[in-house]
Structure formats: C-alpha cells, structure tokens
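The values are calculated or read from the model by the stated rules, or taken from the named source; none is laboratory data. Keep in mind that this is a model prediction, so the values were computed, not measured. Cβ: placed from backbone, ideal geometry, glycine included. Neighbour counts: every protein chain shown.
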Amino acid sequence: SQTIHQWPATLVQPVGSPLSLECTVEGTSNPNLYWYRQAAGRGLQLLFYSVGIGQISSEVPQNLSASRPQDRQFILSSKKLLLSDSGFYLCAWSIPWQSTGYEQYFGPGTRLTVT
Amino acid sequence: AQSVTQLDSHVSVSEGTPVLLRCNYSSSYSPSLFWYVQHPNKGLQLLLKYTSAATLVKGINGFEAEFKKSETSFHLTKPSAHMSDAAEYFCVVSDNTGGFKTIFGAGTRLFVKA
C-alpha cells in the first residue's frame, strides 16, 4: 500500500530564516506531487505541483520554492521566511493519468509558525 | 473555468440527527467531484468521489453524496451524526485533465452536540 510522510510535524522559525520541508511517498512510482498551504480558518491553496523529477510548476508567486530531486521526494523551501508564511503545509500525491478521477492523498501536514 | 462553493461555513447538529453539507460547483468540463474530511491538525482524508458513474455515491463512515447536474450540486449527507464526525469538510472539483486543475472549497466546519 502507499504511504506519504511529511516532516517535521511542527516547526517554529524566526522571520528571515531558511525553510526546508520534506515529503516522501512510498509504494508507488512516478506520482504527481503537490504542496498546499492552509492558512488559519481558510481553505487550501495550491502552491506547487510536479509531474516528474525536476519538473515543478508554481501556482502562486511567493517567497517559496519547490524541488523534486527524486521520483518520490518533494521539498518545499524558502531562503528567508516571512510572517505571512505561517500556516499548515500539506503534501499530497496522485496517480498520474488515471482514466477517471484524480483524487489526491494527503500527508499529515507540517504546522509552521514564523515568529 | 471551475469553481466550487460550500454554502455553509459552519453547520451544527445534534448527535443522532442527519447531516447535510452543501456544495455547488461550476465546471466547463464533465467534472470529477470529491469530498474530503480534515480533523484538527491532520491531513485530509478522502470520503468519497464522483467520476461520472452512479450519481449517488457512497463513501466511508456512512457518508454519501448525490451528483445533480441540473442543480450543479454535490451535497454530502449522513443519516445519523456521531461525535467523531466533528471536523472540517471540503468539497473539491477536478476537470479530469491531469489532476492539476483541482479546486478546493473553503470548507464547512461540522459541530456535533451531545
């Protein structure tokens, strides 16, 4: 069966510090991978998605970047955090090119607080 | 263009009474529709999905949803609420072109009173 891992689970970082969040998927090959941010009391905002190694698409211009160095590894980064980067970050995966439906499977999330 | 509207930001029910969470969508294509549930500080879990097969979709934990094209709705229901159902619920639409154009609703917080 497939599993998705995210770490760390919680993180408190000062403004201006760097960020690295990691997501890995097990039990599947060549998944589509996604990073979402969920601000307090709000819905999910798609930040990045990837269809393969080194292939990253950005949905929203921001202070963040993403990389996919391996097939099942997805990393979210920032060089200098802003207060507005605080939120709950969720990684998800989906099977590429299913015949119908594209449900996504979510990791447990990382709670980031920028102080 | 796609959009999804969850008509209630909060819904409160008593334990044992029916649950109705409302969702309307807009899509240029024949969409796939999903409901996800999120418990506090957890990831999202798929409850059910509609992908142009049966219009009444049954999901996990006793939830079901009915796709009504004429009303562009995909409301989530459960006959009898349990305390463990208290969570946030998201209605989601995807246009079946690769899973990238997936739009999440703003969410409905379900409260269940004892």
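Within region A:13-41, residues that are farther than 18 Å from A:Glu103 by Cβ sit with their Cβ atoms under 8 Å from residues that are in a loop (DSSP other than H, G, I, E, B) and hydroxyl-bearing (Ser, Thr, Tyr), at 6+ positions apart or across chains, in these pairs: A:Gln13/A:Thr115; A:Pro14/A:Thr115; A:Val15/A:Thr115; A:Ala39/A:Ser86.
This table checks each residue for (1) of a type in the set (A, V, I, L, M); (2) within 8 Å of chain A (Cβ to nearest Cβ); (3) in contact with a helix residue (DSSP H, G or I) (Cβ under 7 Å, 6 or more places away or on another chain).
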{"site": "B:Pro18", "(1), (2), (3)": "no, no, no"}
{"site": "B:Ser32", "(1), (2), (3)": "no, yes, no"}
{"site": "B:Gln45", "(1), (2), (3)": "no, yes, no"}
{"site": "B:Ala114", "(1), (2), (3)": "yes, no, yes"}
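Picking from residues in region A:1-49 that are surrounded by fewer than 20 Cβ atoms within 10 Å (Cβ to Cβ) and of a type in the set (Ser, Thr, Tyr), the one that is farthest from the chain's Cα centre (by Cα) is A:Ser1. At least 1 residues being of a type in the set (D, E, K, R) is the threshold, and among the strands (runs of 3 or more DSSP E) wholly inside region A:1-68 those reaching it are A:19-26, A:32-38.
If you check A:Val114 against the conditions, is it touching a Pro at 6+ places or on another chain (Cβ under 9 Å), of a type outside the set (D, E, K, R), within 11 Å of another protein chain (Cβ to nearest Cβ) and over 15 Å from A:Ile4 (Cβ atoms)? When the stated conditions are applied, A:Val114 does not pass them. For region A:63-96, the set of residues classified as more than 7 Å from chain B (Cβ to nearest Cβ), over 12 Å from the mean Cα position of the chain (by Cα) and under 18 Å from B:Phe34 (Cα atoms) consists of A:Ile95, A:Pro96, listed by residue number. Please verify whether region A:48-62 includes one or more residues that are touching a strand residue (DSSP E or B) at 6+ places or on another chain (Cβ under 8 Å), within 22 Å of B:Phe104 (Cα to Cα) and away from chain B (no Cβ under 14 Å). Yes - at least one qualifying residue is present in region A:48-62. Can you confirm whether region B:93-107 contains a residue that is within 27 Å of A:Gln55 (Cα to Cα), modelled with pLDDT under 90, of a type in the set (Ser, Thr, Tyr) and part of a strand (DSSP E or B)? Yes - at least one qualifying residue is present in region B:93-107. Residues in region A:50-98 that are among the aliphatic types (A, V, I, L, M) and within 23 Å of B:Asp95 (Cβ to Cβ) were compared, and the one that is surrounded by the most Cβ atoms within 10 Å (Cβ to Cβ) is A:Ala92.
Remark: pairs (first residue in region A:53-70, at negative phi; second residue charged (D, E, K, R) and part of a strand (DSSP E or B); Cβ separation under 6 Å; 6+ apart in sequence or on different chains) = A:Ile53/A:Arg68.
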